[in-house]
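**Student:** I have a structure I would like to understand better, so I am pasting it below and will then ask my questions one at a time.
Values quoted throughout were computed directly from the atomic coordinates according to the rules given, and no laboratory measurement underlies them. As the structure is a computational prediction, the values presented were derived from the model and not from experiment. With ideal geometry, Cβ positions are generated from the backbone for all residues, glycine too; neighbour counts draw on all protein chains shown.
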Amino acid sequence: MLDRFGQSMRALGRVSERRSVLLAGPRATIRLVAALPVAALLLGALLGFDPVSGMRSPVAGASVLFGVLLLLLGVRWATALAARVARADWVAGWEFELMALAVAGGAPPGVSLRRSIDSADRFGAEWVRLEEFGPSGGVVAVLAEAESLGSPVAPMLLGMAEARRARALTELERAAERLGVRVLVPLGVCILPSFVLLGVVPVLLAVLGGA
């Protein structure tokens, strides 16, 4: 049972590592695009323009103010989308693992079910979904299927735990892929206009002022 517990912990660790890898791309995109307005100002200065002097006019001041607000809003929006995926609960299969461990101890399915619920409740294991032990939950469905087939219940429970972890990994990859698309919304709505207001308008005003 301890060996199986260790295997489950390693599987959950792999899911966590996979999540970090999948979120690395969207997070790098957010950081890169958020730096574009500042990079545009530096580029204008390197080209010989004086964007700071162009900011002294009321139009430039308003442009910079709205640009900063849009930049902060876009970064916060995109970061919140990434954080939502990062905080999502991808721990799966523990209900079936606990039930399989209880059955492996020799207790009848009904007693094992009560012991699994009591253990999860007593230790405050929030990652264990207690609804899975209910009448319409997955654990009870596996018990009923094993009884109807006359098959050992422990291997079926362990197989379902593996299936749930595989499904969680698939959902994680799908969520990360959707994040790569969704993060373009705050970038296009907020950060790109901020790029124009912060990086283009001051340089343009500096050019016009010099002319």
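**Student:** Go through 139-147, 154-162 and give me the packing order, highest mean Cβ count within 10 Å leading.
**Tutor:** Output ranking for 139-147, 154-162: 154-162, 139-147.
**Student:** So how tilted is helix 58-87 from the main axis of the chain? Cα-based, degrees 0 to 90, rounded to 10.
**Tutor:** Once rounded, the angle reads 10 degrees.
**Student:** Counting alpha carbon pairs within less than 8 Å and at least 6 residues apart, what relative contact order, in whole percent, applies to the chain?
**Tutor:** In percent, rounded to a whole number, it is 43.
**Student:** Using DSSP to define loop residues, name the GluC sites (Glu not before Pro) in the range 89-128 whose beta-carbon has at most 11 other beta-carbon atoms within 10 Å.
**Tutor:** Hits after loop and neighbour filter: GLU126.
**Student:** What relative contact order, as a whole-number percentage, does the range 58-165 give when Cα pairs under 8 Å and 6 or more residues apart are counted?
**Tutor:** 33 percent
**Student:** Can you tell me the 0 to 90 degree angle between the C-alpha axis of helix 94-104 and the longest principal axis of the chain, rounded to 10?
**Tutor:** The helix 94-104 is inclined about 20 degrees to the chain.
**Student:** How big is the convex hull of the Cα atoms of the range 138-187, per residue, in Å³?
**Tutor:** Details: hull volume 3.5 nm³, N = 50.
Spread over its residues, the Cα hull of the range 138-187 gives 71 Å³ apiece.
**Student:** I need the peptides 67-75, 11-19 ranked by packing, meaning the mean over residues of other C-beta atoms within 10 angstrom, with the highest value on top.
**Tutor:** Output ranking for 67-75, 11-19: 67-75, 11-19.
**Student:** To continue, here is another question. Over all distinct Cα pairs, what is the inverse of the mean 1/r for the range 101-211, reported as the Kirkwood hydrodynamic radius in Å? Write down the numbers at each step before the final one.
**Tutor:** Values: mean 1/r = 0.0533 Å⁻¹.
Roughly 18.8 Å, rounded to one decimal.
**Student:** Considering amide H positions built from the backbone, and no H for Pro or chain starts, which residues 5 or more places from ARG129, or on another chain, come under 5 Å of its amide H?
**Tutor:** GLU95
**Student:** Follow-up question, since we're still on this one. Would you calculate, for the chain, the mean residue ellipticity at 222 nm contributed by helices, counting each DSSP H stretch of 4 or more residues as -39,500 (n - 2.57) and dividing by all residues, to the nearest 500?
**Tutor:** -25000 deg cm²/dmol
**Student:** Please express the Cα-Cα pair-distance distribution P(r) of the chain as a list of whole percents, one per 10 Å bin, running from 0 to the bin with the greatest distance.
**Tutor:** 8, 24, 19, 14, 12, 10, 8, 4, 1
**Student:** Based on the alpha carbon coordinates of the range 75-132, what radius of gyration and maximum Cα-Cα distance (Dmax) apply, in Å?
**Tutor:** Here Rg and the maximum Cα pair distance are 16.3, 55 Å.
**Student:** A further question on this structure: Rounding to the nearest 10 and keeping the result within 0 to 90°, find how far the Cα-based axis of helix 2-34 lies from the longest principal axis of the chain.
**Tutor:** Tilt relative to the chain: about 10 degrees.
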